[in-house]
Amino acid sequence: MLQFKNTAWYLNLKTEFWRHPNRLTALKVVTAMFALVLPFIVTNHAYIAVTLALGVVAAALSETDDHPRGRLKALITTIISFAITTCSVTLLKPFPLIFGFGFIASTIVFVIIGGISERYRGISYGAILIGIYAMLGYDNNLDWYVQPFLLCSGALFYGLISLFLLYRKPWRLLDEQLSMGFIALSKYLEEKSKLFPSSTNEQVDIGNKLALLNVEVVNALEKCKEVINIYSHEVDDQKDLLPYLQRFMLLQSLHERAASSHEKYERLGNKIEYKELLEGFSELLHQLSHAAELVAENMLTGQDYNHPVSIGWIVNALEFEIEKIPEKDQQLLILLLHNLSRSHVSLKNLNTPERSTSIPRLGQDKRTVKERIKDQLRFSHPRMRYAIRLSFCFTIGFLLNYFLELEKGEWIYMTSLFVSQPTYRETRLRLFQRILGTISGVVIGVSIIQLLPTDLGQMLLMLSCAFFFFLYLRNKYSYAVVFITIYVLSANNLTSSAGMEILIPRTIDTVIGALLSFLAVRFLWPNWQYKRVPKLLADALDKNANYFHTILNELNDKNTKSDDDYDYRLARRLAHKADNELTLAWRSMRVEPHKKRKVMDQAFTLTYLNHALLSYVSALGAQRDILHIKQNIFHDTAQHIENTLIETSHLISNNSSSNADISLKPLLVTLKDKINELDVSEERQQLRLLYNIGAVSNKIMNEANAVKR
């Protein structure tokens, strides 16, 4: 047996198996579903089989990343909430008015409860979903407890399998989340490699792509932090988390260096003699991207991480080539190479991190459950607005279903639940994906079902579609809709042999549900992005100023630096989150109605400039432990820039008519003259970093007037 496990094909299969989390999730769902469904299909109890399978789907969709102990608590809560919801549906369905009121009111309650934490968000979503499943499968010829028992049994069976697998590999969820972070970083580095060489116009395009990719990296970091915090509440010894915290800190530092910009490299890109040198930097970033991907694979598969030897060769070659170029041009590249070299060293020493007994602190939500609920109980809160929009869709759907006596009109609720999202952009995308996916699924499903007339064949089709639905759910929602539509067709055909008859009603209900979701987000507090941009820009400038201030504090007094740089990491994190919000606002604005796309060009420019500012500040932050500031002009200028950023933020927030009196142009002229006077390379580099921060800050001020409310 041991010899079998050591064979090459087995090891390769095992590695491939663990490399894809989405495949594992899909396989887990289908395995649970197959074990439940097969006995009842064979014995011609299709209704029982399909109802159990729906319970599995609801439980899988409500599952969140959690420690095994937390998962056990969540499973108990999930089954209780599922039982209450399904029993309420079957008991109240004969009384339409009471049922309708309870359905709408419970939707708002569940959405608000979901805002308590990620765990409750999954449970509350699953409770609404399984309630709709209970409506779809309601049969007044059955005893009231039959369907709730079957749905909850399916959910419990899946939950126990998932819990058992998690106990076998309790740290797997942390490995998956951190691997996603390194994969997102890999994509960012790959895109940044395209800057070398590049023209000014290309840099603007690449810069905006980097801003969007930065959203993915920061979101992955936030998710990692959440899961680590969840585990920290459940583990007995916090030191068990130390290896994962070290990887998380490494990911943060690699991201800071990757996000750093030191110069405008098109100055060298215009010189033919430097083309090969810049291509060397491009290859170095490409190889670092590959290394980050290898780290992700290492965390998923458990294989040893082997740092690419080629990275060291490229670093040495670049050092040699940089020494050949004039000193003035060297200064444009030395800090960049040093920055990337440190990333190379950090990755090279991945398997032998610095020994530390201290546990780094991570930001946590200190609010009580009562405080979290209270915060949502106001109409200005996004969660409350989402709850009202969703309940509005359900209300109209219920009235249509009640008065028009639609056949399986509950599909309107189902579609509204899937399509309704907190923002206009997300809802609009889901609307088209849902409608097109449903129509495509109907056409494909009809064709396939005709070829599989037996129950066993349709069961295999149902299981296959369930697998591909969960495989594509996170990354390709339009594909997932196609497969879940075919799944529904085959399930209905199994239970009633009416798969074909529900095609037209199913499509009509989908269109109605999608349009209701769109109308709700279009007319109920749409919160157009042009109204948000001034506030988001002010917040971004304020957070960048605070990030800059934290760096300056460490530079001014290195003796006060502690082992746990929590304040610095917090300031950096908040700056990136604010930058992300501005980037997402610009991206959302592009799909809004034309007459609502005010300040579109200015938002584009400000997104680019703010990300550039954050990149320059990150460059200073990445060098903070090695910089030795000797020039008094550095401290005075830095303080002036910081104060100006804060003042500009306040002017935008207060809608002041002008910010011309706080222009940085005179300061920049003085700073540039000082840079030209200096011969000392290190001091010159320091002032150039500062000049870049001031220059892009001044550009933001000039653009800011156009977006003031």
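A straight chain from Asn201 to Phe379 at 0.36 nm per residue would run longer than the Cα-Cα distance by 59.7 nm. Normalised per residue, the accessible area of region 299-378 is 63 Å², obtained with a 1.4 Å probe and no contribution from ligands, DNA or RNA. Once you list every other residue whose beta carbon is under 15 Å from the beta carbon of Val309, what net charge do they have if Lys and Arg are +1 and Asp and Glu are -1? Value of the local net charge: -1.
If we count GluC sites (Glu not before Pro) as exposed when they sit in a DSSP loop and have at most 14 other beta carbons within 10 Å, what is the longest stretch of the chain that avoids them all?
Working: sites that count: Glu323, Glu354, Glu405, Glu501.
The segment 1-322 is the longest one with no such site.
In region 332-438, Cα pairs under 8 Å separated by at least six residues give a relative contact order of 16 percent. Specify whether the C-alpha gyration tensor of region 337-454 places it in the rounded, prolate or oblate class, a ≥ b ≥ c being the square roots of the eigenvalues: rounded for a/c under 1.5, otherwise prolate if a/b is larger than b/c and oblate if not. Oblate shape, in that a/c is at least 1.5 and b/c is the bigger or equal ratio.
Cα extents for the chain along the principal axes, largest to smallest and rounded to whole angstrom: 91, 72, 49.
Scalar couplings 3J(HN,Hα) for region 401-409, obtained by applying the Karplus form with A = 6.51, B = -1.76, C = 1.60 to θ = phi - 60°, are 5, 6, 7, 8, 6, 5, 7, 6, x Hz; x denotes Gly and Pro. Each residue of region 191-208 was assigned a 3J(HN,Hα) from its phi angle through the Karplus expression (A = 6.51, B = -1.76, C = 1.60, θ = phi - 60°), giving 5, 5, 4, 6, 6, 10, x, 7, 8, 4, 5, 5, 5, 5, 5, 5, x, 6 Hz with x at Gly and Pro.
Considering only protein heavy atoms, with the full assembly of protein chains and a 1.4 angstrom probe, order Asp240, Asp65 by accessible area, largest first. Write out the running numbers ahead of the final one.
Values: Asp240 75, Asp65 25 Å².
Result, largest first: Asp240, Asp65.
Computed on protein heavy atoms with a 1.4 Å probe, the accessible areas place Met384, Met180 in the order Met180, Met384, largest first. From most to least packed by mean Cβ count within 10 Å, the peptides 568-574, 140-146, 166-172 give 568-574, 166-172, 140-146.
Given a Förster radius of 41 Å and the C-beta distance between Phe164 and Ala317 as r, what FRET efficiency does 1/(1 + (r/R0)^6) yield to the nearest 0.05?
Working: r = 52 Å, r/R0 = 1.26.
Using R0 = 41 Å, I get an efficiency of 0.20.
Computed over the Cα atoms of region 122-168, the ratio of the radius of gyration to the Kirkwood radius (Rg/Rh) comes to 1.08. The coefficient of translational diffusion for region 75-154, derived via Stokes-Einstein from the alpha carbon Kirkwood radius under 20 °C and 1.002 mPa s, stands at 169 µm²/s. Between Thr368 and Glu234, the contour length at 0.36 nm per residue exceeds the alpha carbon distance by 46.5 nm.
Is the shape of region 38-193 best called rounded, prolate or oblate, per the rule: a/c under 1.5 gives rounded, else a/b larger than b/c gives prolate, else oblate, with a ≥ b ≥ c the square roots of the Cα gyration tensor eigenvalues? It comes out prolate by the Cα gyration axes.
The candidates Lys374, Lys324, arranged from most to least accessible area with a 1.4 Å probe in the full protein assembly, appear as Lys374, Lys324.
Per-residue SASA remark: His286, around 70 Å² accessible (1.4 Å probe; ligands, DNA and RNA not included).
Per-residue Karplus couplings for region 373-389, computed as 6.51 cos²θ - 1.76 cosθ + 1.60 with θ equal to phi - 60°, are listed in order as 5, 4, 4, 7, 7, 8, 5, 7, 6, x, 5, 5, 5, 5, 4, 5, 4 Hz, Gly and Pro entered as x. Taking the Cα centre of the chain as origin and assigning +1 to Lys and Arg Cβ atoms and -1 to Asp and Glu Cβ atoms, the resulting dipole is close to 1540 debye.
Would you mind checking the tilt of helix 566-589 against the longest principal axis of the Cα atoms of the chain, expressed as 0 to 90 degrees and rounded to 10? So the inclination is approximately 70 degrees.
May I ask for the angle, rounded to the nearest 10°, between helix 46-62 and the longest principal axis of the chain, with both axes built from Cα atoms and the value confined to 0 to 90°? Helix 46-62 sits at roughly 20 degrees to that axis.
In the chain, what percent of the accessible surface is made up of carbon and sulfur (1.4 Å probe, ligands and nucleic acids excluded)?
Numbers: 18590 of 32160 Å².
Percent of accessible area from carbon and sulfur atoms in the chain: 58.
Cross-link pairs exceeding 21 Å in C-alpha to C-alpha distance, out of Lys535/Lys699; Lys192/Lys598; Lys223/Lys598, comprise Lys192/Lys598; Lys223/Lys598. The heavy atoms of Phe95 present about 110 square angstrom of accessible area, all protein chains included, probe 1.4 Å. Computed from Cα atoms, the angle from the helix 529-556 axis to the main principal axis of the chain rounds to 50 degrees.
The values are calculated or read from the model by the stated rules, or taken from the named source; none is laboratory data. These figures come from a predicted structure and were not determined experimentally. Note: ideal-geometry Cβ built from the backbone for every residue, glycine included; neighbour counts use all protein chains shown. Just so you know, the surface numbers come from the protein's heavy atoms only, side chains and all, with ligands and any DNA or RNA stripped out. Shrake-Rupley method; radii C 1.70, N 1.55, O 1.52, S 1.80 Å.
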